[in-house]
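See structure below.
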Amino acid sequence: MAKKKIDIQDAVDQIAQTAEELGEKASEAIKTHLNIPSFGEQSADRKQIQEDIRTVLQSQREFFASGTTLSLAWRIEQLKKLYSSIKKYENDIYSALSADLLKNPFDSYSTEIGVVLAEISYALRHVKKWGKTKKISSQLYMFPSKSRVFPEPFGTVLVMSSWNYPFQLSLAPLVSAIAAGNTVVLKTSEFSKATNQVLRQILSDCFESNYVTVIEGGSVVNQLLLHERFNFIFFTGSQTVGKIVMESAAKFLTPICLELGGKSPCIVEASANIPSAARRIVWGKLLNAGQTCVAPDYVLVHESKKEELLEAIRSEITRQFGENPLQNEEYGKIINKKHFNRLISIAPEAQNDLETEKIAPTILDLGPLGGEKASRHPSMQEEIFGPIMPVVTYENLEDVILYINSRPSPLALYLFATEKTVCESVIKRVQFGGGCINDVIIHTANNRMPFGGMGESGMGSYHGKAGFDCFTHYKSMVFQKEKGDIKMRATPHKNHLSLVRKLLK
């Protein structure tokens, strides 16, 4: 027995040594050939990492100060380069997303690659219009002046992405930042290592590090980045880390956009089409194995429809993923064992495979809203972020509205109903980021609409024009003639008060 322990320890030591040697070689290759710095807690001490970060920031500030990024034609050229590079490495992206999250090619393209390409295409078609100086009419009392609004980039911005959609959540905000004329430091998640490597390849093909830099690493690198002054910070992730980002940004009064999560409710009202609702709920809940910030987190179903809905959901799970979803190649995995164990602690009864880090779709019947089980069950305390679906019943819609509004504002809300008055009541009275009527998630795919949360689910929005606005400062200017002042604005004012009242009402 003792000999076996020694052999295992020797193997672990050899693996660790080999990994360290490979890591050092990879890091050196990246720095030498890709011209993009790679940072990590094990590659240097905190002081060295801090110096490297400051070197990158200084080079980006100098490049931004040169004025190169202010040209709309130049921005368009960069977006075209990025589009071409993504297409070039498309097969590598599929492999990376499969390695990180076991995503199949269809999901990888429809929720990651295709979303980014569509975002680039939309920006290419509209960025000239977005970036134009806007003529604004002047008020009568400003005569004979002209008013203009100038869209201008913030400068050097920090984009911090998440691991659940590591390609889309890295590059979609990057597209907006480029379209707006900024230089970008892109901090990727430490958990999506394979996708990070492909992102490096893609971006090194397009850009120098004084324009776009990819930085990897864990909490230490995050902390050191947030110790530095940026002109804008865009963060996608958990509420816990979002609070840290906001606190750090406040020290420099840095503007931020926070794209967080939350427990997004899905209401199935008495008038709902149950087969359709079940099909769409199962698709949205189990997309990416439930690791989607806008997934329907829990279901609130009218008590008269509960049994019909549960039966339809079970049938849909079987139809979409077979009798044994754990064996289905199109069913994804949990990102790592830490999150796997967290989910199992929420629903110990869930079928799972520790080796593949898969958890089967699990329905939790928690009884009535306000009941002991629905109030205290772990699945109802925080965002699940996995294939676990709590189902709670209700008697009247008013209780549902009061319940949701008593909790932190969710990023999304979904309502299945056919009665117009029900839809209007929920939309007007419940606070949430965005959502769908009789569907789930698809509102995020329309880049003609802003996407973002409110309150605890985030602040600010992006996608399409909203993304350009997110990374842009609008500078208002008045151009006054040298002659032609309205004399009454300077003293003595005499009897001009009555005239001012008329002009400023």
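Scanning residues 5 or more positions from Cys257 or on other chains, those with amide H under 5 Å from its amide H are Ile233, Phe234, Phe235, with H placed 1.01 Å from N in the peptide plane. Short-range pairs are left out: with C-alpha atoms under 8 Å and at least six residues apart, the relative contact order of the chain is 18 percent. Available extension along the chain between Ser406 and Asp92 is 108.5 nm, counting 0.36 nm per residue and deducting the alpha carbon span. For the stretch 353-431, the Kirkwood hydrodynamic radius from C-alpha pairs, put into Stokes-Einstein at 37 °C and a viscosity of 0.692 mPa s, yields a diffusion coefficient of 226 µm² per second. Each residue of the stretch 239-244 is assigned a 3J(HN,Hα), and the resulting list reads 5, 4, 6, x, 5, 5 Hz, derived from the Karplus form 6.51 cos²θ - 1.76 cosθ + 1.60 (θ = phi - 60°), x at Gly and Pro. Largest accessible area first, the listed residues Ser406, Ser379 line up as Ser406, Ser379 when surface is computed with a 1.4 Å probe on the assembled protein chains.
Which translational diffusion coefficient, to the nearest whole µm²/s, is obtained for the stretch 378-476 from the Stokes-Einstein equation, given a Kirkwood hydrodynamic radius over C-alpha pairs, 20 °C and 1.002 mPa s?
Details: Rh = 15.4 Å.
Answer, rounded: 139 µm²/s.
Computing FRET efficiency as 1/(1 + (r/R0)^6) for Arg376 and Gln351, where r is the C-beta to C-beta distance and R0 is 25 Å, gives about 0.60.
Using a simple spin-label model with pseudo-atoms 7 Å out from Cα toward Cβ, Ser276 and Lys337 lie 4.6 nm apart.
Does the stretch 46-85 come out rounded, prolate or oblate, given a ≥ b ≥ c as the square roots of the eigenvalues of its C-alpha gyration tensor, rounded meaning a/c under 1.5 and, failing that, prolate meaning a/b above b/c?
oblate
Which whole-number percent of Cα pairs in the chain have a distance greater than 29 Å? Display every interim value, and only then the final one.
On the way: 72837 of 127260 pairs.
When all Cα pairs of the chain are counted, 57 percent exceed 29 Å.
Average accessible surface for the stretch 369-505: 58 Å² per residue, computed with a 1.4 Å probe over protein heavy atoms with every protein chain in place.
With each label modelled as a point 7 angstrom along the Cα→C-beta vector, the Ser476-Leu504 pair spans 1.5 nm.
On the beta carbon distance between Ala99 and Lys146, with R0 = 60 Å, the FRET formula returns roughly 0.60. Look at the Cα gyration tensor of the stretch 313-412: its axes a ≥ b ≥ c give a/c of at least 1.5 with a/b over b/c, and that counts as prolate.
Residues in the stretch 263-279 carry Karplus couplings, in order, of 8, 7, x, 10, 9, 10, 7, 4, 8, 5, 7, 5, x, 5, 4, 4, 4 Hz; the curve used is 6.51 cos²θ - 1.76 cosθ + 1.60 with θ = phi - 60°, and Gly or Pro positions show x.
Can you give the extra length, in nm with one decimal, that the chain gains between Val220 and Thr418 once fully stretched, where that is 0.36 nm per residue apart less the Cα-Cα distance? The partial results should precede the final answer.
On the way: separation 198, 0.36 × 198 = 71.28 nm, distance 5.03 nm.
Residue separation times 0.36 nm, minus the Cα-Cα distance, leaves 66.2 nm.
Run the Debye formula on the Cα coordinates of the stretch 50-135, all scatterers equal and no solvent, and tell me log10 I(q)/I(0) at q = 0.13, 0.14 1/Å. Normalising to I(0) and taking log10 leaves -0.66, -0.73. The H on the amide N of Asn182, modeled in the peptide plane, is under 5 Å from the matching H of no residue at least 5 residues off or on a different chain.
What separates the Cα centres of the stretch 381-440 and the stretch 189-228 is a distance of 36 Å. The label point for Leu497 and the one for Glu330, both projected 7 Å from the Cα toward the Cβ, are 7.6 nm apart. Just the number, please: carbon plus sulfur as a percent of the accessible area of the chain, 1.4 Å probe, no ligands or DNA/RNA counted. Exposed carbon and sulfur together represent 53 percent of the surface. For the stretch 124-241, the solvent-accessible area of protein heavy atoms averages 35 Å² per residue (probe radius 1.4 Å; ligands and nucleic acids excluded).
Using the Kirkwood radius over Cα pairs, work out the Stokes-Einstein diffusion coefficient for the stretch 109-260 at 10 °C and 1.306 mPa s, in µm²/s as a whole number. Walk me through the numbers before you get to the answer.
Details: Rh = 16.9 Å.
Translational diffusion coefficient: 94 µm²/s.
Residue separation times 0.36 nm, minus the C-alpha to C-alpha distance between Ser110 and Ser84: what's the value?
Details: separation 26, 0.36 × 26 = 9.36 nm, distance 1.79 nm.
Full extension from Ser110 to Ser84 adds 7.6 nm.
The values are calculated or read from the model by the stated rules, or taken from the named source; none is laboratory data. Being a predicted model, the structure only gives us computed values, none of them experimental. Reconstructed Cβ throughout: ideal geometry from the backbone, glycine too, with neighbour counts over all protein chains shown. In case anyone asks, the SASA skips ligands and DNA or RNA and just uses the protein heavy atoms, side chains included. Shrake-Rupley method; radii C 1.70, N 1.55, O 1.52, S 1.80 Å.
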